[in-house]
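The values are calculated or read from the model by the stated rules, or taken from the named source; none is laboratory data. What you see is a predicted model; the values in this text were computed from it and never measured. Quick reminder, even Gly has a Cβ in these numbers, built from the backbone with ideal geometry, and neighbours come from all protein chains shown. Keep in mind that these areas ignore ligands, DNA and RNA; they rest on the heavy atoms of the full protein, side chains included. Shrake-Rupley method; radii C 1.70, N 1.55, O 1.52, S 1.80 Å.
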Amino acid sequence: MNAEQLLSYNLPLFEGLSPADLSGINLNFSEQKLAAWQTVFDQQDPSFDLYFLLSGSILAVFWTDEGREIVFSRFPEGAYFGELAALDGIPRSLAVFAKTEARVLSLKRDSFLAMFNNVPLVRDRITQQLVARIRTLTERNMEMTTMSVEQRVGTYLLRLAAEHGKLASGAVINNAPTHAEIAGSIGANREMVSRSVSKLVKRGAIKSSRQRIEILDLDALSESST
């Protein structure tokens, strides 16, 4: 594998780089196809590669000792994941699995560390992403301790719409999270989330169907989060 092949995937982490920027780095990467519900890696898995989502839908979850599933992330296409273990060499803190058929690119840890140490643009983007994640986790912690479930659902849907560029009345979010996924993301149970979504539907804030959310009234949705 060479730099031209890696850059041909047009991954956001490498945007703006040229093959010359990666010269001298041993690039060891491979592409993998996943079936729906196939595991990429398990919690506490002693693997340290960095992954990129090329297509499909992937979830990162944490399993509690009681078997409860807490959803941490839904990755957009082009995103990378697994960088924490790649950086510190400690087994995985989360499990990652394919929600649908998917394609991923895996980059060996040695190759990733060589990029991190020798390519400033890659190092800066990784660092900025880690800082953004810390801020997001801090915000979520505050939400879980200060907001009702209904407020958390409203905030979650607003954030989801913003991430998809659909923060407007009339916008439609396809491939939306299930109620169980939302519950795992906001620290609630599925029944409480379903009740909150039903209230938003009755208020005319949203229209909800299977993995599809239409924002009918952005102001009403915003009011539900306060």
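Label sites at residue 87 and residue 210, each approximated as a point 7 angstrom past Cα along Cα to Cβ, lie 4.0 nm apart. Surface composition of the chain: carbon plus sulfur atoms contribute 50% of the solvent-accessible area (1.4 Å probe, protein chains only, all chains present).
With both labels modelled 7 Å from their Cα along Cα-to-Cβ, the residue 32 to residue 190 distance reads 2.8 nm. Cross-link partners for residue 99 among the lysines, with Cα-Cα distance under 28 Å and sequence neighbours closer than 8 places in the same chain left out: 33, 108, 166, 199, 207. Accessible area per residue for the chain, computed on protein heavy atoms with a 1.4 Å probe, is 52 Å². If you average the C-alpha positions of region 93-145 and of region 151-184 separately, how far apart do those two centres end up, in angstrom? What the calculation gives is 22 Å, centre to centre. Rounded to 0.05, the FRET efficiency of the residue 66 and residue 4 pair, given R0 = 45 Å and the Cβ-Cβ distance, is 0.40.
Modelled spin-label separation between residue 171 and residue 145, with each label point placed 7 Å from Cα along the Cα-to-Cβ direction: 3.0 nm. Note on region 203-218 and region 1-56: Cα centroid distance 36 Å, given to the nearest whole angstrom.
In what sequence, largest accessible area first, do 148, 8, 111 appear using a 1.4 Å probe?
8, 148, 111
From most to least packed by mean Cβ count within 10 Å, the peptides 84-97, 31-44 give 84-97, 31-44. Mean residue ellipticity at 222 nm, helices only, the chain: -12500 deg cm²/dmol; runs of at least 4 DSSP H residues each add -39,500 (n - 2.57), and the sum is divided by the number of residues. Rg and Dmax of region 44-186, based on Cα coordinates, read 16.3, 47 Å. For residue 167, neighbours were defined as the other residues whose beta-carbon sits under 15 Å from its Cβ, and their charges (Lys and Arg +1, Asp and Glu -1) total -3.
Within the shell of other residues whose beta carbon sits under 13 angstrom from the beta carbon of residue 55, the net charge comes to 0, with Lys and Arg scored +1 and Asp and Glu -1.
Any chance you could run the full-extension gain for residue 55 through residue 77? It's 0.36 nm times the residue separation minus the Cα-Cα distance, nm to one decimal.
Details: separation 22, 0.36 × 22 = 7.92 nm, distance 0.56 nm.
Net length gain for the segment: 7.4 nm.
Accessible surface comparison of 138, 155, probe 1.4 Å, protein chains only, largest first: the order is 138, 155.
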